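Novice: Provided herewith is a single structure, encoded as structure tokens, for subsequent inquiry.
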Amino acid sequence: MSDVFNNELFEAFASASDNVYIYVCDMKTDISRWSRAAVEYFGLESEYIKNAAAVWANHVHPDDLDTYNNDITSVFSGKKRYHDCQYRARNASGGYVWVECKGSVIRDAEGTPIIFAGLMTRIDGQSKYDSLTGLMTMQELHHFDFASQSGAALLIGLDGFRKIISNYGYNAGDEILVKFAGRLSSNAESGWKLLRFNGDEFLVLALGADMQAAEEYYKRLRKSIGIMMLADGHKVEISISAGGVFFPNDASDREMLISKLEHSLEYAKNCRRGDMVFFSEEIARKHERGLILREDLKHSIKNGFEGFELYFQPFVNPDTGVVAGCESLLRWKGRRIKDSYPMEFIKVLEEYGDIRDVGFWVMEEALRQQAAWRDRYGELQVSFNVSYQQMTEASFADRVIASAEKYGVNPENIIIELTESCQVENPKELAATFGRLRDYGFKMALDDFGTAYASMEMLKWLPVDYIKVEHSFIRELAEPGHEIDYVIVDSLLEMCRRLGYKSIIEGVEDGRVAEIVGDMHATLLQGYHYSRPVCRSEFEKLLEVKQQ
Ligand code: C2E
Ligand code: CA
């Protein structure tokens, strides 16, 4: 028996963490050994304690004593395999802290208990209930035995919650969370458990629910939120997405359940916003790809932007058909992932903030290339794309100007395209950056014009030179039944003319469209009709044709 108390394992476990305490009890002698940290923290008389059950019961909060005793009795009587309960315990300074106590009984061949051992984790500061919403905290999930119950676990997240907070403030955010928690529970069936997962995500354990019950709940919930009226009179549109996992089939323990739920919610938010998506192998594969993609991108960036390359797509003069310049478009091949499209990898770069470094590489490459071409083919209008995130960097304008000077580029021949223009959080700062670059001579463009609801409004405060009309309006312009596209593009170009903006029409896929938008006096045309984006040497072939 002395082995149990004295071996090095006990010492090793005992020193593993500051707020985890271990205990081992020899049931025959009724002597227990407690880790030094436990002795000090709880003010026990020594490491070895006789009749520890009574001594420890004296530390348990009177209100929690029944919970504690019932659990211990069930374990010793053999009704329960493991001791696992949370209660408040008194520490050396006389205050009570929440602990989670887990332990198990080892029996001899006759079934008589010989050792009782376990650990206690301090979970003070982690209340059972979330103070804002009143729902249970994730701590409660420790009690839940996923293997022996069945149902659906739903992780429900509010879409764009950060945006809501930045628009309406933290108090409004709190008010929405409280109201939403109310709807979660008023739509739930009795016996279901509702927990606050983190900031704006909630976990519903729909015990006994099958796919149909889970979907009906989600439908009811969505219907009950819609537009929320806040105390200050603001009306906020609320939308949600959710991930779902069935237990025990998809996950039989807490870690697996949470991981699958997070992947499913991430997938719903990215690919099927507004929906509830249940975990599937496809989601697992997508998640795995996302991880590899990220690692590959990091590797490329660390190794001097290895695998990144610029492609170029010509801008064509509608009157002469001559190549007047090009848009620089980023391409990338990773160590393992070789087939990622810009839409995919640029999103990842943006998500992790790496677009700033890669964006500067793009800018340098585009300027260097413009200077090299100028010497061989004459001046060209070369554009490159910039995410809003890049523009928020204080040194952005200085760095672009420094590069232009380094390569001796005339800024008049460089077009800077701002992508995803709808997410502007600080208009003043953006307008100042645009102004600075324009004053230096660069041409500023609003990309994908017409897609973001704010694009039109942006013209009022953002000094720009070019409007790039989104290709979804252009591609089918000449097809019967697409008169509305015709009217939209015609009106946009009329607006450009009256406000003195130049225009670039993307997505010109055939000659008829080229003719139509040419007649509308577009400044430059771009699209598969002329060329797909091509590598440098292919683009140079197009320039050589121009020279003949
Ligand atoms: P974008 O700036 O709107 O670029 C135009 C996209 O339309 C390009 O896709 C191009 O290949 C495609 N396109 C061109 N002509 C046609 C056409 O006639 N028909 C159709 N259906 N599509 C056409 P790509 O190269 O896949 O780029 C996708 C997006 O990735 C770009 O959209 C841009 O937002 C972003 N992007 C590309 N390079 C960079 C970069 O260096 N930095 C940043 N921040 N974003 C970039
Ligand atoms: Ca662009």
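The values are calculated or read from the model by the stated rules, or taken from the named source; none is laboratory data. Just so you know, these numbers come straight off a predicted model, no measurement behind them. Here the Cβ is made from the backbone with ideal geometry for all residues, glycine too, and neighbour counts use every protein chain on show.
Novice: Counting just the residues of the stretch 217-259 that are out of contact with any strand residue (DSSP E or B) (no Cβ under 8 Å at 6 or more places or on another chain) and basic (Lys, Arg), which one comes out surrounded by the fewest Cβ atoms within 10 Å (Cβ to Cβ)?
Specialist: Once the filter is applied, the top-ranked residue is 223.
Novice: Taking helices (runs of 4 or more DSSP H) that fall entirely within the stretch 416-477, which contain at least 2 residues that are assigned by TED's automatic domain parsing to the domain that holds residue 523 and within 11 Å of ligand 1 (Cβ to nearest atom)?
Specialist: In the stretch 416-477, 471-474 are the helices (runs of 4 or more DSSP H) which contain 2 or more residues that are assigned by TED's automatic domain parsing to the domain that holds residue 523 and within 11 Å of ligand 1 (Cβ to nearest atom).
Novice: So which of 74, 46 ends up being closer than 17 Å to residue 143 by Cα and of a type in the set (Gly, Ala, Ser)?
Specialist: 74
Novice: Okay, next question. Condition check: within 16 Å of ligand 2 (Cβ to nearest atom), under 33 Å from the mean Cα position of the chain (by Cα) and without any contact (Cβ under 8 Å) to a residue 40 or more places away in the chain. Does residue 386 satisfy that?
Specialist: yes
Novice: Of all residues in the stretch 182-217 being among the aliphatic types (A, V, I, L, M) and part of a loop (DSSP other than H, G, I, E, B), which is farthest from residue 170 (Cα to Cα)?
Specialist: Looking at the filtered set, the residue picked out is 209.
Novice: Within the stretch 439-459, does at least one residue satisfy the condition of being within 16 Å of ligand 2 (Cβ to nearest atom), among the basic types (Lys, Arg) and more than 29 Å from the chain's Cα centre (by Cα)?
Specialist: Scanning the stretch 439-459, I find at least one residue that is within 16 Å of ligand 2 (Cβ to nearest atom), among the basic types (Lys, Arg) and more than 29 Å from the chain's Cα centre (by Cα), so the answer is yes.
Every residue, every condition in (1) among the charged types (D, E, K, R); (2) at negative phi; (3) touching a Gly at 6+ places or on another chain (Cβ under 7 Å), yes or no:
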| residue | (1), (2), (3) |
| --- | --- |
| 465 | yes, yes, no |
| 481 | no, no, no |
| 490 | yes, yes, no |
| 493 | no, yes, no |
| 496 | no, yes, no |
| 499 | no, yes, no |
| 511 | no, yes, no |
| 516 | no, yes, no |
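Novice: Between residues in the stretch 157-181 that are closer than 18 Å to residue 242 by Cβ and residues that are surrounded by fewer than 18 Cβ atoms within 10 Å (Cβ to Cβ) and among the hydroxyl-bearing types (Ser, Thr, Tyr), which pairs lie under 8 Å by C-beta distance while being six or more apart or on different chains?
Specialist: The qualifying pairs are 158/239; 159/239; 160/239.
Novice: Out of the residues in the stretch 511-537 that are assigned to a helix (DSSP H, G or I) and in contact (Cβ under 8 Å) with a residue 60 or more places away in the chain, which is farthest from ligand 2 (Cβ to nearest atom)?
Specialist: Taking the candidates together, the pick is 518.
Novice: Just checking, which of 117, 109, 52, 89 is surrounded by fewer than 17 Cβ atoms within 10 Å (Cβ to Cβ) and assigned by TED's automatic domain parsing to the domain that holds residue 22?
Specialist: Sole residue among the options that is surrounded by fewer than 17 Cβ atoms within 10 Å (Cβ to Cβ) and assigned by TED's automatic domain parsing to the domain that holds residue 22: 109.
Novice: With the structure loaded, tell me whether residue 133 is of a type in the set (Ser, Thr, Tyr) and in a strand (DSSP E or B) or whether it fails that test.
Specialist: No; evaluated as a whole, the condition is false for this residue.
Novice: In this structure, is residue 111 out of contact with any helix residue (DSSP H, G or I) (no Cβ under 7 Å at 6 or more places or on another chain), closer than 16 Å to residue 80 by Cβ and modelled with pLDDT under 85?
Specialist: Numbers: out of contact with any helix residue (DSSP H, G or I) (no Cβ under 7 Å at 6 or more places or on another chain): yes; closer than 16 Å to residue 80 by Cβ: yes; modelled with pLDDT under 85: yes.
In short, yes.
Novice: Filtering the stretch 26-40 down to residues that are in contact with a helix residue (DSSP H, G or I) (Cβ under 7 Å, 6 or more places away or on another chain) and assigned to a strand (DSSP E or B), which residue is surrounded by the fewest Cβ atoms within 10 Å (Cβ to Cβ)?
Specialist: Ranking the candidates gives 26 first.
Residue by residue, here is whether (1) at pLDDT below 95; (2) under 30 Å from residue 521 (Cα atoms); (3) more than 16 Å from ligand 2 (Cβ to nearest atom) holds:
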| residue | (1), (2), (3) |
| --- | --- |
| 282 | yes, no, yes |
| 296 | no, no, yes |
| 315 | no, yes, no |
| 361 | no, no, yes |
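Novice: Go through the stretch 391-415 and count every residue that is within 15 Å of ligand 1 (Cβ to nearest atom), closer than 30 Å to residue 160 by Cβ and in contact with a Leu (Cβ under 9 Å, 6 or more places away or on another chain).
Specialist: Residues flagged as within 15 Å of ligand 1 (Cβ to nearest atom), closer than 30 Å to residue 160 by Cβ and in contact with a Leu (Cβ under 9 Å, 6 or more places away or on another chain) within the stretch 391-415 amount to 3.
Novice: Residues being of a type outside the set (Phe, Trp, Tyr), more than 9 Å from ligand 1 (Cβ to nearest atom) and in contact with a helix residue (DSSP H, G or I) (Cβ under 7 Å, 6 or more places away or on another chain): count how many of those fall in the stretch 324-343. Write out each step before concluding.
Specialist: Filtering the stretch 324-343 down to residues of a type outside the set (Phe, Trp, Tyr) leaves 324-331, 333-340, 342-343.
Now restrict to residues that are more than 9 Å from ligand 1 (Cβ to nearest atom): 324-326, 333-340.
If we keep only those that are in contact with a helix residue (DSSP H, G or I) (Cβ under 7 Å, 6 or more places away or on another chain) as well, we get 326, 334-337, 340.
Selection size over the stretch 324-343: 6.
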